[in-house]
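Notes follow once the structure below has been shown.
The values are calculated or read from the model by the stated rules, or taken from the named source; none is laboratory data. These figures come from a predicted structure and were not determined experimentally. Don't worry about glycine lacking a Cβ; one is built from the backbone with ideal geometry, like all the others, and counts go over all protein chains shown. Just the protein is used for accessible areas: all its heavy atoms, side chains included, with ligands, DNA and RNA removed. Shrake-Rupley method; radii C 1.70, N 1.55, O 1.52, S 1.80 Å.
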Amino acid sequence: MINVSTYAHYCNDFIAMILIVTCTVRWTMKYGIDLNSPAAFAILGFIKVLTGDFITGNAFSERALILLKKLESKAVESRLTYLVHFMVAPWAKPLQSTLTYLLQGYKVGMEIGDSESAMWNVSMYIINSFSCGKSLKALEADCKTYCAQMRELSQEEILYCTLPFWQGILNLMYGSENPLILSGDAIECEDAFIDKVQHEHYPRNYLHVLIFKSIMCSFYGNHELGAKLALERGDAYLKKNGTVLVMLDFFHQGISLFAMSRKTKKRKYIKRANKINATIKSWAKKGNPNVNHYIMFLGAEKAA
């Protein structure tokens, strides 16, 4: 049942996901706990996050963890771990607090043979680690190890989700002829990679390429391209996924947009930059502890 709900989410059928999850929660309250119950509460928490209620969403995810303990089963622990600590908890708790849990979810998944959930946990561990500033050298070593495991276990979708981060980290560490192009040791050819993920119907992975290109534009000062990507993409990732990457994406979009606002005085840049700034401020007011430094940076950019 819960596999159907997550599939509905990634197919952008939000109504179907809500119906499936709320039915499962009602059945749990009426008939008792089964293996689907913890994930149902966690996904309901994610739905609350998407509607902007971070505190209630986190409360549902904590209830999911309580239900897992009552089950006394590891069968769904790995899957529940990434649902809670990647999709919900980062909106209400410090991002650093999720890292240990995601690694534990990986270990449990490997122990019980749930390799798909194990690999999702380490992919999300890499994303959260990058977002909270872990050493690039340590992260690159993690990417090399875990991407090799993803290949070995034939987890192609998760591998293609992770590769843009590995290549982006390599570009940041060692540079390249054009560091804004995600090609090198991890991704042999950016264009071929994009063709592959679009052909294989992995739209999130294409968005990961665009998100990391925005990050690189911000770091390397190519704000014209960064602002262009920001205007083209808009809220696509927020509407499609709504995970911790949205925070990082919006921040780097904002940096390039404010830079182009100062340079060109064009309304299209000013309007979008102010909207992003206001959105990030609203996340902080709703209890997100991971965006306060973004607010300070963007405030300085706006005032410059």
Checklist entry - Is it the case that some residue within region 66-73 is under 30 Å from residue 166 (Cβ atoms) and of a type in the set (Asp, Glu)? => result no
Checklist entry - Is it true that some residue in region 57-74 is modelled with pLDDT under 90 and either crowded, with 24+ Cβ neighbours inside 10 Å or within 19 Å of the chain's Cα centre (by Cα) (or both)? => result no
Checklist entry - Wholly within region 147-225, which helices (runs of 4 or more DSSP H) include no fewer than the required count, namely at least 3 residues that are in contact with a Cys (Cβ under 8 Å, 6 or more places away or on another chain)? => result 156-174, 203-220
Item to check | Enumeration of residues in region 282-294 that are assigned to a helix (DSSP H, G or I) and surrounded by fewer than 16 Cβ atoms within 10 Å (Cβ to Cβ) | outcome: 282, 284, 285, 292, 293
Item to check | From the options 134, 107, residue that is of a type in the set (Lys, Arg) and either open to solvent by less than 30 Å² (accessible area, probe 1.4 Å) or within 30 Å of residue 191 (Cβ to Cβ) (or both) | outcome: 134
Next on the checklist: Go through region 87-99 and report how many residues are in a helix (DSSP H, G or I) and either closer than 19 Å to residue 138 by Cβ or of a type in the set (D, E, K, R) (or both).
Outcome noted: 5
Next on the checklist: What are the pairs with Cβ atoms under 7 angstrom where one residue, in region 110-131, is farther than 17 Å from residue 160 by Cα and the other, located anywhere, is open to solvent by 20 Å² or more (accessible area, probe 1.4 Å) and of a type in the set (Gly, Ala, Ser)? Sequence gap at least six, or different chains.
Outcome noted: 112/75
Next on the checklist: Between a residue in region 81-105 that is without any contact (Cβ under 8 Å) to a residue 12 or more places away in the chain and over 16 Å from residue 116 (Cα atoms) and any residue that is open to solvent by 20 Å² or more (accessible area, probe 1.4 Å) and aromatic (Phe, Trp, Tyr), which pairs come within a Cβ distance under 8 Å, given they are 6 or more apart or on different chains?
Outcome noted: none
Item to check | Selection count where residues are within 21 Å of the chain's Cα centre (by Cα) and either under 22 Å from residue 124 (Cβ atoms) or open to solvent by less than 30 Å² (accessible area, probe 1.4 Å) (or both), scope region 166-217 | outcome: 34
Item to check | Within region 218-244, considering residues that are among the polar types (S, T, N, Q) and at pLDDT 80 or above, the one least open to solvent (accessible area, probe 1.4 Å) | outcome: 218
